[in-house]
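This report refers to the structure that appears directly beneath it.
Derivation of every value follows stated rules applied to the coordinates shown; laboratory data play no part. Note that the coordinates shown come from a computational prediction; the quantities given were computed from them, not determined experimentally. Positions of Cβ are backbone-derived with ideal geometry, glycine not excepted, and every protein chain shown enters the neighbour counts.
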Amino acid sequence: MLPSHIITAIAFARLDLGDTIDQPLPQLIGAATFTGHVASGSVEFALDAAVLSAKDAPEALLMWLNHRLEHDRSTVTGYGLAADARLLEVLPLGRWSPAVRVLAGRCQPVIDLGALADGEPINLRACCAAAGVPCSTPDRVRDFAAWCTGRHDVIVGALELDVIAVWRLTMTQIAARTSLGAEVQRIIDAHLACWLRGADFAAAATHLAALNAAGPATSPSTTH
């Protein structure tokens, strides 16, 4: 990550409601963004999440994404972003949505970690398992029940776990491209560990435990 550059990871919660309410396409019911950028020798992080209620119109998530991404100057990263953009584009006003343009890579850089490998899309959970990075375990029954009953904390918890995982996997991919990447990643991981240590939600504790288990990172003070 270059000084002053910004990386925004994004993760979506989706439900396939076709068997339940005769809806042919999956519905995006929530999203989370996790942004990191270098500022004054340190890395600053911000996490945001939103989940629709069962009574909300699907385009309410589009409005949240528009507000979150319209003026974002970052490189956006995630898994299967083109497919998510297509689901959003069919919503009312989707064709004119700033968020759709961003996710489709039409106006700023996008890193789609779900690119094809041997003709098959790369799955977030397979990548996490290979890299030892924690992420959520999909459960259609649990998620549908939580969505219908307004227990948004269940879905938010999964989104928080996944979006931090996307950010970490992105840093690993970027680091692999340069000779100094491993050292830079250790420094950034140390800043991330500090942020996670001060955060008060379950996904932060899970990722902090995984970082600690991976071994000591370079002290954040080395970036000053």
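Name the most mobile residue of A50, A99, A182, meaning the one with the largest mean-square fluctuation, in a Gaussian network model of the chain with Cα contacts below 10 Å.
Among A50, A99, A182, the largest GNM mean-square fluctuation belongs to A182.
Apply 1/(1 + (r/R0)^6) to the Cβ-Cβ distance of A182 and A129, taking R0 = 30 Å, and write down the FRET efficiency to the nearest 0.05.
With R0 = 30 Å, the Cβ-Cβ based efficiency is 0.90.
For I6, which sequence-distant residues (separation of 5 or more, or a different chain) have an amide H within less than 5 Å of its own amide H, given hydrogens modelled in the peptide plane?
So I6 has HN proximity to T75.
Given only helices, namely DSSP H runs of n ≥ 4 each adding -39500 (n - 2.57), what is the per-residue ellipticity at 222 nm of the chain, to the nearest 500 deg cm²/dmol?
-14000 deg cm²/dmol
Among all cysteines in the chain, which have no other cysteine Cβ under 4.7 Å from their own Cβ?
Lone cysteines by the Cβ rule: C107, C127, C148, C194.
Hey, any idea what Rg/Rh is for the chain, computing Rh the Kirkwood way over Cα pairs?
0.96
With θ set to phi - 60° and the Karplus curve 6.51 cos²θ - 1.76 cosθ + 1.60, what are the ³J(HN,Hα) couplings of the stretch 140-145 in order, to the nearest whole Hz, using x for Gly and Pro?
4, 5, 4, 5, 5, 5
Please build a GNM for the chain, connecting alpha carbons under 10 Å apart, and tell me which residue among S40, S97, S74 fluctuates the most.
It is S40.
Would you grab the residues whose amide H sits under 5 Å from the one on I111? Only those 5+ places off in sequence or on another chain, please, with H modelled 1.01 Å from N.
Answer set, sorted by chain and number: V76, T77, G78.
Hey, what did the chain get for relative contact order, percent, Cα under 8 Å, at least 6 apart?
Normalised by residue count, the contact order of the chain is 20 percent.
Could you calculate the FRET efficiency of C148 with H67 from 1/(1 + (r/R0)^6), where r is the beta carbon distance between them and R0 is 30 Å, rounded to 0.05?
Taking R0 as 30 Å, the efficiency between C148 and H67 is 0.70.
Which of I111, I174, I188 ends up with the largest GNM mean-square fluctuation for the chain, with Cα atoms connected below 10 Å?
Per the Cα network of the chain with a 10 Å cutoff, I174 tops the list.
Computed FRET efficiency, Cβ-Cβ of L93 and D139, R0 30 Å: what is it to the nearest 0.05?
Between L93 and D139 the formula returns 0.40.
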